[in-house]
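A.B. asks: The following block contains the structure, expressed as structure tokens.
The values are calculated or read from the model by the stated rules, or taken from the named source; none is laboratory data. From a predicted model like this one, the values you see are computed outputs, not experimental measurements. Ideal geometry is used to build each Cβ from the backbone, glycine not excepted, and the neighbour counts take in all protein chains shown. To get the accessible areas, we keep the full protein, side chains included, count just its heavy atoms, and leave off ligands, DNA and RNA. Shrake-Rupley method; radii C 1.70, N 1.55, O 1.52, S 1.80 Å.
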Amino acid sequence: MARIERSTKLSLTQDEYRICSEPYVFYRLISDGNGFRLMTATASENIGWYRAFEDQASLISVTAQVFSDRGLYIVTKEDHAGRSYVETSIYPNEEDLLHLAATVLDRIGFEDISVLALREMKTIYDEFSSDESGDDTYLSDGMWITSDGRLVEK
């Protein structure tokens, strides 16, 4: 299951988190003086057993596509070892971050419980939507489901 955990991979002086699902780390979330940055992880953790996802090209490509779909500005960079990664500034909403991660993991073919849950929510949307517009669909009691599988209260 994708989750957000504290990390000290890059620095001990700033808030840092990893978004991971055993046995991989997929993203790093860094807080600095300018806000939060979310980036694809290029290297394994120094301590512990999380390792970088092997298919970096797929992770980067799909992440860039999902960031773009959400209207996020994307920057492509290289780490100190010359490995490419993508980065964006982001507001650190845990639910949104985990949904973003599940969306990417689904598209790259990585299966965990969060991906399976996302697929199920998309199936529910497909079952209840009345047309192909992609508009949110009302469930009941003020709850709506979006085409990307999120529940929202309106």
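A.B. asks: About the Cα centre, and with charges only on the beta carbon of Lys, Arg (+1) and Asp, Glu (-1), how big is the dipole of the chain? Nearest 20 debye, please.
C.D. replies: Roughly 680 debye for the chain.
A.B. asks: Further question on the same structure: Residue by residue through the range 33-40, what is 3J(HN,Hα) from phi via Karplus (6.51 cos²θ - 1.76 cosθ + 1.60, θ = phi - 60°)? Round to whole Hz and write x for glycine and proline.
C.D. replies: Result, rounded to whole Hz: x, 9, x, 10, 10, 10, 9, 5.
A.B. asks: Please give every one of the lysines within straight-line cross-link reach of residue 154, meaning a C-alpha to C-alpha distance under 30 Å, and leave out same-chain neighbours fewer than 8 residues apart.
C.D. replies: Output for residue 154: 122.
A.B. asks: While we're looking at this one, here's another question. Which residue, 94, 132, 120, has the most motion in a Gaussian network model of the chain that connects Cα atoms within less than 10 Å?
C.D. replies: Fluctuation is largest for 132.
A.B. asks: Of the listed values [x] 9.2; [y] 10.0; [z] 10.9, identify the label whose number matches mean projected area of the Cα convex hull in nm² calculated from this model.
C.D. replies: Calculated mean projected area of the Cα convex hull in nm²: the matching label is [y].
A.B. asks: Using a cut-off of 13 Å between alpha-carbon atoms, which aspartates and glutamates can reach residue 77, once sequence neighbours fewer than 8 places away in the same chain are excluded?
C.D. replies: Excluding near neighbours in sequence, the set is 87.
A.B. asks: Run the accessible area of the range 3-117 with a 1.4 Å probe and give the carbon-and-sulfur part as a rounded percent. All intermediate terms of the calculation are to be shown ahead of the outcome.
C.D. replies: On the way: 2930 of 5920 Å².
Roughly 49 percent, rounded to a whole number.
A.B. asks: Can you show me the helix-derived [θ] at 222 nm for the chain, built from DSSP H runs with n ≥ 4 at -39,500 (n - 2.57) apiece and divided by the number of residues, rounded to the nearest 500.
C.D. replies: Value at 222 nm, helices only, nearest 500: -9500 deg cm²/dmol.
A.B. asks: Hey, can you grab everything whose amide H is under 5 Å from the amide H of residue 53? Only 5+ residues off in sequence or another chain; H modelled, so Pro and N-termini drop out.
C.D. replies: Residues meeting the amide H criterion: 25.
A.B. asks: Can you compute 3J(HN,Hα) from phi for each residue in the range 3-8, using the Karplus curve 6.51 cos²θ - 1.76 cosθ + 1.60 with θ = phi - 60°, rounded to whole Hz and x for Gly and Pro?
C.D. replies: Working through the residues one at a time gives 8, 9, 10, 5, 9, 10 Hz.
A.B. asks: Taking only Cα atoms and a 10 Å spring cutoff, compute GNM fluctuations for the chain and point out the largest among 104, 25, 75.
C.D. replies: 75
A.B. asks: So what is the relative contact order for the chain, in percent, with contacts set as C-alpha pairs under 8 Å and at least six apart?
C.D. replies: Reported relative contact order: 16 percent.
A.B. asks: Could I ask something else about it? Determine, at each q value in 0.21, 0.28, 0.32 (inverse angstroms), the log₁₀ of I(q)/I(0) that the Debye formula gives when each Cα of the range 103-154 is one equal point scatterer.
C.D. replies: Results for the range 103-154 at q = 0.21, 0.28, 0.32 Å⁻¹ read -0.73, -1.03, -1.17.
A.B. asks: Follow-up. Calculate one ³J(HN,Hα) per residue across the range 16-26 by plugging θ = phi - 60° into the Karplus curve 6.51 cos²θ - 1.76 cosθ + 1.60, and present them in order as whole Hz with x for glycine and proline.
C.D. replies: Along the range 16-26, the couplings run 9, 9, 10, 10, 9, 8, 3, x, 10, 9, 9 Hz.
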